[in-house]
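Notes follow once the structure below has been shown.
All of the numbers you see were taken from the coordinates with simple rules; none came from a lab. Since the structure is predicted, the reported quantities are computational estimates derived from the model, not experimental observations. Using ideal geometry, Cβ is built from the backbone for each residue, glycine included, and neighbour counts are taken over all protein chains shown.
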Amino acid sequence: MKRFFQFLFMPCEGYTELISASMDTDLTRLDRCAVRIHATFCKGCRQYRKQIMQLRIMLRSVDEKMPCIESMQLDDQARSRLLNALNQEMSNDNRPVDDAD
């Protein structure tokens, strides 16, 4: 119960961290409850949560439309151009890039 009251008086920065963390991991029941209660009374955190949720939805839709990066292949001409550009950039360091294919 003590921890719950600590959540009630936590500054908005703590809630935004929890909201952001919820994108990567599941929050505990107490964390979810605290965020919902705080967002009920705090317009800024409510708006932040809404924006994060919209961002999450958009990123998921992009991820579903993008081909798997491992299946993407460069043709020989593109590979050569890329290696030449990298070698030019790295020539100041005297470290040529090898085509390790």
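Things worth noting here:
- Potential lengthening of the chain between Ser91 and Ala21 amounts to 21.1 nm, from the contour at 0.36 nm per residue minus the alpha-carbon distance.
- Here r is the Cβ-Cβ distance between Leu30 and Ser61 and R0 is 25 Å; the resulting FRET efficiency, rounded to 0.05, is 0.20.
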